[in-house]
Every structure is written in structure tokens, then in C-alpha cells.
Amino acid sequence: MKLKLPSIPLYMIAALLFGLKTYIVYRFMFNIELENPMQEFILLVNPFVSAFLIFAISVWFNKTSRQMKFIRYVTLFLTLIVFANLVFYRQFTDFITIPQLFMGSNMSDLGSSILTLIKPYDILLFIDAAIIWYLSKKQESMLAVDYPKSGKVFALAMSLVLLSGNFFLAEMERPQLFTRAFDREYLVKNIGLFNYHVYDLVVHSKTESQRVFADGNELPEIQEFVDENVRVDEHSNMFGAAEGKNVIFINAESLQQFVINNQVNGEEVTPFLNRLIDNEDTYYFDNFYEQTGQGNTSDSEFLVENSLYPLSRGAVFFTHGSNEYNGLPEILNEEGYTSAVLHSNNKSFWNRDGMYESLGIDQFYGEESYELTEENTIGWGLKDKPFFEQSIKYLRSMEQPFYSKFITLTNHFPFEMSEEDTSIDAYDSNSATLNNYFPAVRYMDEAIEEFFTQLKESGLYEDSIIVIMGDHIGISANHNKAMSMYLDKDQITPYDQVQLQRVPLFIHIPGNGNGEVISEVTGQIDMKPTLLSLLGIEVENDIYFGNDVFSKDRKGYIALRNGDFVSDEYISTVGICYDRQTGEPVQSKIESEEENQKKTKVANACLPIQEKVEAELAYSDNLIYGDLFRFVDVGAEDEELFEND
Ligand code: GP9
Ligand code: MN
């Protein structure tokens with residue numbers, strides 16, 4: 001009697017083998033960090049989900065020979081994708097992106113070293129392809145199935161169920177993964193290499209098509225708006241106050257203004273920064289707003305370097321990382337400055353490696369430049385104190401004058417602290433996040449104090465200016481109950497919410513002697529014009545939306561990324577126009593009737609500025625979507641504004 005083996009369709013065998021192989025590659029050949037069992041589970045599941053999804057397409061071929069052919073070639077093609085990523089990863093510790101495939105220096109770097117990146121055992125990657133090849137040719141009669149409609153529907157339904165399950169888990173593990181992207185490693189570990197490539201392809205095609213159709217025609221209108229509404233012709237009295245000095249910019253993670261000169265359990269939260277305000281060389285801005293969107297730190301970096309707004313959706317570092325920009329580092333470079341960013345994190349986080357190249361940053365000291373041990377890391381990575389300590393040698397080695405940016409990490413949600421680094425007690429409320437925020441901020445305050453000492457010891461202090469800026473809020477509106485208790489308010493009103501978007505800005509100029517507290521409304525969009533002015537640099541034809549914070553002739557408002565704004569007189573938020581003096585609404589919400597929609601419009605007093613804010617945000621978005629800086633000839637000596645004039 002002939003034994004009849006239960007026949008498993010070949011596409012399922014292929015999906016299982018391929019899923020298993022991909023999992024092994026993820027787990028043992030890529031260096032993917034897994035922080036909890038859920039992440040391990042998702043990483044285990046997603047290779048099988050992706051493989052099933054692709055191989056299940058084969059059931060739609062009516063001729064079994066075509067089915068077999070499809071499975072054969074797809075296995076080979078997918079294996080080559082895994083292999084290419086593996087080789088790329090060995091060189092760059094990153095995954096391939098479409099823009100990198102077509103341009104950029106990365107690939108050419110790879111060219112020369114490719115042979116050293118291929119290992120003999122890589123041949124094992126092709127085992128399943130060989131098995132599938134054999135089975136599809138020799139066992140076709142047993143494995144190929146002429147699927148009835150139900151079989152096809154089953155394969156499709158199963159694919160969709162698996163994919164949604166995977167995406168659901170991924171969103172749970174990392175909310176807003178798709179809109180914000182964060183990091184390629186996150187994407188790969190949550191949705192798998194293949195879905196990541198599809199995602200990358202979609203984002204890339206969308207941005208590319210907007211870019212392709214843009215031709216620079218909109219530029220004169222944008223330039224006119226900037227000339228009329230933003231640009232200030234007079235230099236401020238601080239122009240050139242730090243000419244030729246090094247710039248040491250500290251991006252203070254999640255540092256909000258409400259902790260400055262404030263206490264918790266009777267103790268000062270930021271004793272060093274409080275003293276720094278009183279220092280005669282410090283200009284401190286207590287009405288300085290963060291203007292970030294979903295891209296958090298990267299958005300604040302984008303604002304600072306370009307004086308453009310980040311996007312309302314996604315992180316511009318990710319979506320438009322290979323655009324042309326007139327970044328501050330690039331401008332400074334032309335003035336003889338070198339530039340570097342120091343941040344102990346993976347360089348692909350927020351696509352920093354891609355964006356920094358576009359901004360003209362010379363050097364990035366990322367995770368691999370630091371020595372990490374069990375003791376000197378917590379939460380997101382290297383603690384701030386060892387971070388500054390280990391950074392000083394890099395700073396000393398830089399050619400002067402330099403522009404350097406330090407991005408701290410310890411004061412990051414969830415504000416986890418080890419016992420020995422905790423100098424003050426946590427707050428006591430229903431929000432562990434707010435409670436732990438205070439000791440974490442104190443730790444950063446101490447780290448910055450130590451850094452000042454190291455700067456003085458290294459001899460760099462006198463020749464540098466030190467800027468300290470909070471990047472974005474650390475405590476979201478989810479913690480408003482605890483926040484109102486801390487601030488001793490009945491509740492956090494929309495007005496207070498906007499006020500909570502203030503982050504501290506310190507500009508410390510050793511030897512200046514005229515430091516003061518400045519309460520003008522200012523924001524991150526102002527950093528590029530401010531730094532250029534302090535260094536005494538004038539740039540022709542640049543397009544930007546901020547003002548020198550020292551200028552007397554500023555545009556008078558700061559736009560937040562969601563369209564809210566703070567002006568000298570008003571705060572506009574949730575359709576209400578508040579008087580800044582009283583904190584009360586100027587006029588309560590009014591419904592706009594002409595549009596016959598439920599849309600609320602801000603009260604009249606805010607309207608003129610609201611219109612400017614909307615125009616400004618839209619112009620900034622257009623510059624980015626159309627990659628319009630391709631057509632701007634910045635720094636040109638002649639009167640021609642645009643290359644295509
Ligand atoms: C990550 C660091 C913190 O590298 O910049 O990220 P965040 O979540 O604040 O953007
Ligand atoms: Mn941040």
C-alpha cells in the first residue's frame with residue numbers, strides 16, 4: 001500500500017522556511033536590541049507574517065507550473081534582499097533605504113570593501129532557496145495545488161489577519177510607529193525587513209513625486225513673505241558679540257521651563273541653572289517656546305539648524321532627510337568653522353546619519369564613540385555625566401572655531417534613575433512620570449555643572465559660547481492632574497497648556513558681563529538667525545522664519561507647530577484668543593458661519609496674526625515638500641535671487 005503523505009502546499013513550506021531563516025538572521029546576524037519579551041515575540045512573529053504574505057500570492061496563479069515558478073523566484077529574490085541588507089549592515093549598522101540605493105556616498109563606500117563584508121557561511125542563507133528550488137521542480141505534482149476559490153480566499157484572509165495582528169502588536173509596543181517612523185531598527189524589529197522596505201518605498205515615492213513636480217516657481221512669493229514679515233534689516237546690538245568663538249550647544253533633553261527657579265519637596269530642582277541665570281555673562285530667556293511636532297528631538301534640531309518648521313506629520317528628519325538645506329553648520333563651514341554632534345545613540349535614530357549629511361555636519365560622535373558599561377548606562381543609554389566626561393576629548397581634538405552640539409539623554413521619559421544618581425526625592429502625586437521627572441532633571445543639572453568645570457579645565461571655556469536649550473516638553477498633557485497639583489492650580493487650562501510649552505534658553509558668553517533675563521516671546525525658530533548674528537555672520541538670500549532674539553524689531557509672535565501661537569499680546573489655542581496679560585479669553589469661541597462648517601475660528605483680535613501663522617507654516621511646508629532650497633542660491637554676492645531666474 002502506498003503511504004500518502006498529507007500534502008502541505010509549497011507556499012506554506014516556503015513561508016515557514018523563509019520565516020525561520022529571516023528570524024535567525026535578525027536574531028544572530030543583525031544586532032537588534034530587544035528590551036522586553038513583547039519585542040522578542042514581535043521579532044519572532046514578523047518574519048513568518050511577511051513571508052506568508054508574499055508567498056500566499058502564489059495561490060492566485062491558476063497554472064501550477066506558474067505557481068512553482070513564482071515561489072522559486074520569490075524565494076531567491078527575497079534571499080538576495082536579506083543578503084544585501086546583511087552586507088550593508090556589516091558596514092553601516094543600518095538597513096538599506098531607497099535614497100541610499102540611488103544616491104549618497106554610502107554605497108560607494110561599500111563598493112571598495114564589499115568583499116571583506118561577505119562571509120563564507122553566508123552561503124547558508126541560500127539553503128532554503130535551494131530546497132524550494134528542488135521541491136518546486138521535482139515534487140511539483142505533490143506540492144502544487146490547483147486552489148479552489150475557498151483556498152484562495154483563505155490565503156488572502158489569513159495574510160490580512162496576520163498582517164493586522166502584527167501591525168496591531170507593533171503599534172501597541174511603539175505607538176505612532178508608522179506616522180513618526182523613529183528609527184529604522186524599530187521598524188525592522190516591529191514590522192520586519194520586507195514590510196519596512198515597502199514602507200520606505202511608499203514614503204519615498206510620496207516625497208519624491210512632490211519634489212519632482214516642484215520647480216521653484218513658488219520661491220519669489222515665499223521670499224516676498226519673508227522679506228515683508230520676517231526679515232529684520234538692522235543688526236541687533238549683539239551682532240558679532242561672539243565673533244570667532246566656538247559654539248557649544250547643549251540640547252537639554254525634555255527640559256521644561258517650569259522647573260527653573262522652582263522647588264520640589266523644599267529643594268531647588270536646578271540649582272546650577274538657577275545660578276547660571278544670575279551670572280553676568282548669561283542671557284536667559286524665560287518666554288522661549290518649543291515648536292516641535294512628532295519628531296521630538298529631531299524636530300527641535302531641525303528648527304535650530306534651519307529656522308524652518310518641522311512637519312505636522314512624521315519626522316522631517318526621516319521624510320525629507322536628503323533634501324537640500326542651508327543648514328547652520330553648512331553656513332558656518334563656509335566661515336571656517338568645523339561642526340560636530342555628540343550623542344550616545346544609534347546614528348540611524350531619527351535618521352540622523354542621513355540628515356546630518358544634508359545639514360553639512362562634519363562629524364557625528366554616536367554610540368560607538370563612547371564606552372558603555374552596565375554601570376554608566378540607564379534607560380536610553382549612556383548617562384549624561386559620563387557622556388560629557390567622555391566627550392571632552394573629542395571637543396579638544398576639534399579644529400577651532402567649532403560648532404558642536406551635545407544631545408543629552410538621561411532626562412528622557414520614563415525618567416528612570418539609579419539610586420546613586422538621585423540627589424533629590426521624587427515628587428509625590430498620581431503620576432510616576434512627573435514624580436520621577438524632578439530627580440532626573442536634577443541629575444542633568446549636575447551633569448551640565450560638571451561639564452562647565454571640564455570646559456574651564458580644558459581651556460575651551462573662554463573661547464566659546466555655551467547655549468543650553470530645552471528640546472521639547474517632557475511631561476505631556478496626560479499628566480495634567482499631577483501637574484496642576486504641582487503648580488498649585490485648580491486645573492490646567494488650554495492657556496496653561498501653551499505656557500507649559502516653554503523651555504529654557506540660556507546663552508552664556510564668557511566675558512560678556514551684560515547678561516540679563518529677557519522675557520520677549522521667542523522660540524526655537526529663532527536660534528539660527530540668533531547664532532549667526534552673535535557670530536557676526538550675514539547671509540544673503542537665505543529663507544528662514546525666525547528672528548535674532550536680541551533684535552528690537554522682531555515679528556512679535558511664535559507659531560507652534562499645531563497652528564497655535566503666542567504673540568506679545570495674545571495666546572491663541574483651541575480656537576480661543578487669550579489675553580496674555582490677564583490670561584483670560586479676549587472673546588469666547590465663535591463659530592464661523594460663512595463656511596457652514598463646525599470649524600471654530602479664533603476671535604477677531606487673534607485673526608491677523610493667525611493668518612500670518614498659517615501662511616508661514618504653509619510656506620515652510622512647501623519649501624520642504626518641494627525641496628525648494630535646490631533652487632535658492634544662498635550666500636550669492638550678486639543680486640540674482642534664484643538660480644532659475
Ligand atoms: C534619541 C534622543 C531622544 O536619540 O534624541 O529622542 P526623543 O524621543 O526625545 O526625540
Ligand atoms: Mn528629546
Notebook entry, point to check: Of all residues in region 512-536, how many are surrounded by fewer than 18 Cβ atoms within 10 Å (Cβ to Cβ) and closer than 20 Å to Ser404 by Cα?
Noted result: 1
Next item on the list: Would you check if Asp526 is within 12 Å of Ser307 (Cα to Cα), in contact (Cβ under 8 Å) with a residue 40 or more places away in the chain and part of a loop (DSSP other than H, G, I, E, B)?
Entry: no
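For region 88-187, please list each of the helices (runs of 4 or more DSSP H) lying entirely inside it that holds at least 2 residues being at pLDDT 90 or above.
Hits in region 88-187: 127-138, 149-173.
Output the residues belonging to region 502-523 that are in contact with a helix residue (DSSP H, G or I) (Cβ under 9 Å, 6 or more places away or on another chain) and in a loop (DSSP other than H, G, I, E, B).
Val503, Pro504, Ile509, Pro510, Gly511, Gly515 - these are the residues of region 502-523 that are in contact with a helix residue (DSSP H, G or I) (Cβ under 9 Å, 6 or more places away or on another chain) and in a loop (DSSP other than H, G, I, E, B).
Is region 260-271 home to any residue that is within 16 Å of ligand 1 (Cβ to nearest atom) and in the same structural domain as Glu450 (by TED's automatic domain parsing)?
The answer is no; no qualifying residue exists.
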Check: So Tyr199 fits all but one of (1) within 16 Å of ligand 1 (Cβ to nearest atom); (2) within 30 Å of Leu628 (Cβ to Cβ); what number is the exception?
Finding: (1)
Note to self: As an exercise: evaluate Leu80 against (1) modelled with pLDDT of 90 or more; (2) of a type in the set (A, V, I, L, M); (3) surrounded by 16 or more Cβ atoms within 10 Å (Cβ to Cβ) and give the number of the one condition it does not meet.
What the structure shows: (3)
Check: Among the residues of region 44-57, is any touching a residue at least 12 places away in the same chain (Cβ under 8 Å), farther than 30 Å from Gln91 by Cα and small (Gly, Ala, Ser)?
Finding: yes
Notebook entry, point to check: Restricting region 532-555 to residues that are in contact with a strand residue (DSSP E or B) (Cβ under 9 Å, 6 or more places away or on another chain) and aliphatic (A, V, I, L, M), which is nearest to Ser519 (Cα to Cα)?
Noted result: Val549
Check: Going through region 240-254 one residue at a time, which ones are within 29 Å of the chain's Cα centre (by Cα), assigned to a loop (DSSP other than H, G, I, E, B) and more than 16 Å from ligand 1 (Cβ to nearest atom)?
Finding: Lys245
Check: In region 373-418, which residue that is acidic (Asp, Glu) and in a loop (DSSP other than H, G, I, E, B) is nearest to Leu532 (Cα to Cα)?
Finding: Glu399
Checklist line | So Val232, is it in a loop (DSSP other than H, G, I, E, B) and within 22 Å of Phe545 (Cα to Cα) | finding: yes
Next item on the list: Kindly establish whether Leu308 is within 16 Å of ligand 2 (Cβ to nearest atom) and of a type in the set (A, V, I, L, M, F, W, C).
Entry: no
Notebook entry, point to check: Would you call Asn376 within 16 Å of ligand 2 (Cβ to nearest atom) and surrounded by fewer than 21 Cβ atoms within 10 Å (Cβ to Cβ)?
Noted result: no
Check: Among the numbered criteria (1) within 16 Å of ligand 2 (Cβ to nearest atom); (2) in a helix (DSSP H, G or I); (3) surrounded by fewer than 23 Cβ atoms within 10 Å (Cβ to Cβ), which single criterion is violated by Phe272?
Finding: (1)
Next item on the list: Could you tell me which of the residues Gly151, Gly192 is at positive phi and not assigned by TED's automatic domain parsing to the domain that holds Thr297?
Entry: Gly192
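Quick grid of which residues meet (1) free of Cβ contacts under 8 Å to residues at least 24 places away in the same chain; (2) assigned to a helix (DSSP H, G or I); (3) touching a helix residue (DSSP H, G or I) at 6+ places or on another chain (Cβ under 6 Å):
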residue	(1), (2), (3)
Thr297	no, yes, no
Tyr309	no, no, yes
Tyr325	no, no, yes
Pro329	no, yes, yes
Leu332	no, yes, no
Ser339	no, no, yes
Asp353	no, yes, no
Checklist line | Exclusive hit being closer than 30 Å to Pro510 by Cα, in the same structural domain as Ile509 (by TED's automatic domain parsing) and either within 16 Å of ligand 1 (Cβ to nearest atom) or in contact with an Asp or Glu (Cβ under 9 Å, 6 or more places away or on another chain) (or both), set Thr453, Thr433, Thr410 | finding: Thr410
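Conditions tested, residue by residue: (1) without any contact (Cβ under 8 Å) to a residue 12 or more places away in the chain; (2) small (Gly, Ala, Ser).
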{"residue": "Ser397", "(1), (2)": "yes, yes"}
{"residue": "Ser418", "(1), (2)": "no, yes"}
{"residue": "Val467", "(1), (2)": "no, no"}
{"residue": "Tyr486", "(1), (2)": "no, no"}
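What about Phe249, is it away from ligand 2 (no atom under 16 Å from the Cβ) and either at pLDDT 95 or above or crowded, with 18+ Cβ neighbours inside 10 Å (or both)?
For Phe249, the condition - away from ligand 2 (no atom under 16 Å from the Cβ) and either at pLDDT 95 or above or crowded, with 18+ Cβ neighbours inside 10 Å (or both) - is not met.
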Check: Residue check, Thr179 against (1) at positive phi; (2) within 16 Å of ligand 1 (Cβ to nearest atom); (3) not acidic (Asp, Glu), all met but one. Which one?
Finding: (1)
Checklist line | Candidate set from region 324-351 (those that are modelled with pLDDT under 95 and closer than 13 Å to Phe302 by Cα); member that is nearest to ligand 1 (Cβ to nearest atom) | finding: Trp350
Checklist line | Those residues of region 300-311 which are of a type outside the set (A, V, I, L, M) and under 19 Å from Gly474 (Cα atoms), in sequence order | finding: Ser300, Glu301, Phe302, Pro310
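This table checks each residue for (1) at pLDDT 90 or above; (2) more than 21 Å from the chain's Cα centre (by Cα); (3) under 28 Å from Leu500 (Cβ atoms); (4) in a helix (DSSP H, G or I).
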| site | (1), (2), (3), (4) |
| --- | --- |
| Tyr196 | yes, no, no, yes |
| Lys206 | no, no, no, yes |
| Pro220 | yes, yes, no, yes |
| Gln223 | yes, yes, no, yes |
| Glu228 | yes, yes, no, yes |
| Ser236 | yes, yes, no, no |
| Phe258 | yes, yes, yes, yes |
Check: Do we have Glu33 as over 28 Å from Leu115 (Cβ atoms) and without any contact (Cβ under 8 Å) to a residue 24 or more places away in the chain here?
Finding: no
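This table checks each residue for (1) part of a strand (DSSP E or B); (2) β-branched (Val, Ile, Thr); (3) at pLDDT below 95.
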{"site": "Asp548", "(1), (2), (3)": "no, no, no"}
{"site": "Ile558", "(1), (2), (3)": "yes, yes, no"}
{"site": "Gly563", "(1), (2), (3)": "no, no, yes"}
{"site": "Ile571", "(1), (2), (3)": "yes, yes, no"}
{"site": "Cys577", "(1), (2), (3)": "yes, no, yes"}
Item checked: Test set (1) free of Cβ contacts under 8 Å to residues at least 60 places away in the same chain; (2) assigned to a helix (DSSP H, G or I); (3) closer than 30 Å to Arg174 by Cβ - Tyr26 fails condition number -> (1)
Notebook entry, point to check: Inside region 287-297, can you point out the residues that are buried (at least 24 other Cβ atoms within 10 Å of the Cβ) and either within 13 Å of ligand 1 (Cβ to nearest atom) or not assigned by TED's automatic domain parsing to the domain that holds Glu253 (or both)?
Noted result: Glu290, Thr292, Gly295, Thr297
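The values are calculated or read from the model by the stated rules, or taken from the named source; none is laboratory data. For clarity, every value in this text was computed on a predicted model and none was experimentally measured. Neighbour counts are summed over all protein chains in view; Cβ atoms, including those assigned to glycine, are modelled from backbone coordinates with ideal geometry.
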